[in-house]
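Okay, so here's the structure we're looking at.
The values are calculated or read from the model by the stated rules, or taken from the named source; none is laboratory data. Remember, predicted model here, so these are calculated numbers, not experimental data. Note that each Cβ is placed from the backbone with ideal geometry, even for glycine, and that neighbours are counted across all protein chains shown.
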Amino acid sequence: MSASPFFSVVKYDRSCQARAGVLRTAHGTIQTPIFMPVGTQASVKTLSPADLGDIGAQIILNNTYHLYLRPGAELVHKAGGVQKFSAWNRPILTDSGGYQVFSLSKLNRITPEGFHFRSHIDGSRHFFSPEKVVEIQRDLGSNIMMVLDECAPYPCDYRYALKAHELTLDWARRSRAAFAGIGERHGFMQHQFAIIQGSVYPDLRRRSAEALVEMDFPGYGIGGLSVGEPKQAMFEMTALVTGLLPKNKPRYLMGVGKPEDLLEGVELGVDMFDCIMPTRNGRNGTAFTSGGQIVIKNAKFREQFVPLDQECDCYTCRTFTRAYLRHLFSAQEVLVLRLISLHNLHFYLGLMSRARQAILQGRYLEFKRDFLEQYHSNRHHLSSS
């Protein structure tokens, strides 16, 4: 009897490219489309693994760059891998650190061999090659590992984007070879995803996708978007790329995180998303609700003895009122950081679950329309009520 495939599509929506699928890993199956909470340093800020399980998280994202610097990949390996180290016994995806090169550009130098960088913690010098990043992720033991890539900034001219595209392809080839040559270290199969770059230039995006498909990766990330480019350009590039990728491989739109953007991505055939927005905004006092965003510190919520979102059944909304949450925020009580982060992730995960059900029922575009009408039409009411 043959083993089940790593990824399979269960159903396509009849009116668009949206699809419901299943990802199978050694630490559990994942129903797609899916949102992945970001736990950069093997921890989703303010939330425990039990919290994440309670709200239905199926997979979380950790970061290779940060775990390499602290506590170190060797220590995580000694602990039995990142799942055992962090007590999260479900799937984990590790980003490669390429985005950190982009975001910490003043501390790094990119060469054809890899990138040299200084630690943002203590200024010490380090070097990442594609091969070393694979080895680190073998030590970490994530279920899905991303290849090292160069994320071109926006705006950038065609020459720069071309150079980053070519370097990313070369690093992908080296990463694929390293993955084959460096064996598993925790007794289970890991899967390696490529990252498609090319900035906002359609020909580079096309060339990147076609070359990486030839390398036959198990899945594909769409990188270098949501870095300042116009929203229209972001989704034009996404639509172009998803149309070129194999239907039997998962697509991951990296770092894109507004609710309306997730739904647009799903419509274009994207399966996986991640973003720090729900937790970062939660720690800053902003909650995502069925009627749009609300900023809980605003004085208008001082006497609102109703939940953050009356349509939500998360622990925060079942238990506390807007007035109480505003009090916690005003008093600088750390509990509020956890409560709003918990609610926001519950909202995001629930949104993807509802999107999946709509796809299975063949009514995704209707679901998307109804959600966005409520999300936008109630925004003024929620913020002023």
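Structure notes:
- Any hit, segment 167-176, residues being of a type outside the set (G, A, S), over 20 Å from the mean Cα position of the chain (by Cα) and buried (at least 23 other Cβ atoms within 10 Å of the Cβ): yes
- Residue within segment 158-180 that is small (G, A, S) and in contact with a Gly (Cβ under 7 Å, 6 or more places away or on another chain) present: yes
- Screening G21, G53 for residues that are over 21 Å from V147 (Cβ atoms), surrounded by fewer than 20 Cβ atoms within 10 Å (Cβ to Cβ) and modelled with pLDDT of 95 or more leaves exactly one candidate, G53.
- Flag if L107 is aliphatic (A, V, I, L, M) and farther than 27 Å from E214 by Cα: yes
- Residue within segment 124-133 that is among the hydrophobic types (A, V, I, L, M, F, W, C) and surrounded by 15 or more Cβ atoms within 10 Å (Cβ to Cβ) present: yes
Conditions tested, residue by residue: (1) of a type in the set (D, E); (2) modelled with pLDDT of 95 or more; (3) in a helix (DSSP H, G or I).
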| position | (1), (2), (3) |
| --- | --- |
| Y65 | no, yes, yes |
| K84 | no, yes, yes |
| T94 | no, yes, no |
| F102 | no, no, yes |
| R109 | no, no, no |
| I121 | no, no, no |
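- Residue tally, condition surrounded by 14 or more Cβ atoms within 10 Å (Cβ to Cβ) and outside any loop (DSSP other than H, G, I, E, B), over segment 144-159: 3
Each row is one residue, and each column tells you yes or no for (1) under 24 Å from L47 (Cβ atoms); (2) surrounded by fewer than 22 Cβ atoms within 10 Å (Cβ to Cβ); (3) of a type outside the set (V, I, T).
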{"residue": "G224", "(1), (2), (3)": "no, no, yes"}
{"residue": "P230", "(1), (2), (3)": "no, yes, yes"}
{"residue": "M234", "(1), (2), (3)": "no, no, yes"}
{"residue": "M237", "(1), (2), (3)": "no, no, yes"}
{"residue": "L244", "(1), (2), (3)": "no, yes, yes"}
{"residue": "Y252", "(1), (2), (3)": "yes, no, yes"}
{"residue": "K258", "(1), (2), (3)": "yes, yes, yes"}
{"residue": "F288", "(1), (2), (3)": "yes, no, yes"}
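- In segment 191-216, the residues that are in contact with a helix residue (DSSP H, G or I) (Cβ under 7 Å, 6 or more places away or on another chain) and touching a residue at least 60 places away in the same chain (Cβ under 8 Å): I195
- Scanning segment 83-104 for residues that are of a type in the set (A, V, I, L, M) and either farther than 14 Å from S43 by Cβ or in contact with a Pro (Cβ under 8 Å, 6 or more places away or on another chain) (or both) returns A87, L93, V101, L104.
- Filter pass, G219 being in contact with a His (Cβ under 8 Å, 6 or more places away or on another chain), closer than 30 Å to R369 by Cβ and either in contact (Cβ under 8 Å) with a residue 40 or more places away in the chain or not basic (K, R) (or both): yes
- Listing of helices (runs of 4 or more DSSP H) fully contained in segment 304-385 that carry 2 or more residues being within 13 Å of G285 (Cβ to Cβ): 322-330, 335-360
- Among residues of segment 32-50, those that are surrounded by 23 or more Cβ atoms within 10 Å (Cβ to Cβ) and of a type in the set (S, T, Y), counted: 1
- Lone qualifier among S208, S175, S199 - being farther than 17 Å from T94 by Cα, among the hydroxyl-bearing types (S, T, Y) and touching a Pro at 6+ places or on another chain (Cβ under 9 Å): S199
- Lone qualifier among L337, L328 - being in contact (Cβ under 8 Å) with a residue 24 or more places away in the chain and either more than 18 Å from P278 (Cα to Cα) or among the hydrophobic types (A, V, I, L, M, F, W, C) (or both): L337
- Close Cβ contacts (under 8 Å, 6 or more residues apart or on different chains) running from residues in segment 312-324 that are assigned by TED's automatic domain parsing to the domain that holds H343 to residues that are surrounded by fewer than 22 Cβ atoms within 10 Å (Cβ to Cβ) and in a helix (DSSP H, G or I) comprise C312/G350; Y315/D54.
- Note on segment 67-82: residues that are part of a helix (DSSP H, G or I) and either in contact (Cβ under 8 Å) with a residue 40 or more places away in the chain or surrounded by 19 or more Cβ atoms within 10 Å (Cβ to Cβ) (or both) amount to 8.
- Summed over segment 8-30, the residues that are in a loop (DSSP other than H, G, I, E, B) and not hydrophobic (A, V, I, L, M, F, W, C) give a count of 5.
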